[in-house]
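What follows is calculated from the coordinates using simple rules that are stated; it is not laboratory data. Just so you know, these numbers come straight off a predicted model, no measurement behind them. Virtual Cβ from ideal backbone geometry, glycine too; neighbours counted across all protein chains shown.
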Amino acid sequence: MTTPDELLDVGYVRGAHGVQGSLSIQLHDPASEVIALRCDLIIAPRTGAKRACGIVSASETPGHAGRWRVQLEGVSSRDAADALRGSTLYVQRSALPALSDDEYYLADAIGHRVVREREGVQEPLGVVVGLTSNGAQDLLEVEWRDASDRPVRWLLPALPGFVLDVDDERVLVDVPLGMLPDELETP
C-alpha cells in the first residue's frame, strides 16, 4: 500500500459509537483538522492488514478535545466498529497541506527523544508520548524516568521559543528553569 514514511499517525480508534458502525476516534492533536479535510483514513488494526477507508460522516464529540464520531466506508455494524478498537489511524502525507521548512506535524514528534544542548552536550529530557492542549496552545507530553525508574510526565509548549528543531530522531528544546521535573533542573 504505502511505506511508513508516507503515512502520518493521527490517532486511534477508541471503540464503537452507537449501533450503526460509527467509530469513536481520538486524534493525537486535538486541534487537528484532518477529519474536517475528509482525508481517507488508513486503519491499522492490532492484527491484520492496513486498509484505507473514506469518511462518510464525522462530527466532533462535545466536551472531549480531539474526539470524533466517524462513519467510515465499509464499517456498517457495531461489531465491525468494535473489532477496530485500538487500531492506529493514519493519513497519507500527500493528502495534507504542504509544510514550510520551519514547520512540522505535532504527531511527528511522538516517540522522539527530547534533548537540550548545554555546552555542546545533549542532555536527555525524556520521550514525547502524546499531545494535549490547554486551550491556548498545543503541548507535547514528555515522559522521563526518574532515578527510581518511575515514569514522570511533564508538558512542553509546542512553540518556537521552546521547540528549536524536530528531526527524524529527536526534539531539540530550550526549556527555562522551573518547567522541568526537579531531578532534571540542573543549575
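At-a-glance table
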item	result
Cα centroid of region 94-163 to Cα centroid of region 6-21, whole Å	24
Packing-based order for 57-63, 152-158, using average beta carbon neighbours within 10 Å, highest first	152-158, 57-63
Antiparallel bridges, percent of DSSP beta bridges restricted to the chain (to nearest 5)	95
Ranked packing of 88-101, 12-25, most packed first, by mean Cβ within 10 Å	12-25, 88-101
Gaussian network model of the chain, springs between alpha carbon atoms under 10 Å - residue of 175, 121, 75 with greatest fluctuation	121
Burial ranking of peptide ranges 136-142, 161-167 (average Cβ count within 10 Å, highest at the top)	136-142, 161-167
Cα shape, the chain, gyration tensor, a/c 1.5 rule	prolate
Local electrostatic count, residue 185, Cβ distance below 13 Å [Lys/Arg +1, Asp/Glu -1]	-2
Net charge, residue 143 excluded, C-beta distance under 13 Å - Lys, Arg +1, Asp, Glu -1	+1
Nonlocal amide H pairs with residue 56, under 5 Å, H built at 1.01 Å	71, 72, 73
Theoretical ellipticity at 222 nm over the chain - DSSP helices of four or more residues, -39500 (n - 2.57) apiece, nearest 500	-500 deg cm²/dmol
Integer Hz, Karplus 6.51/-1.76/1.60 couplings in order for region 18-25, x for Gly and Pro	x, 10, 9, x, 5, 10, 9, 10
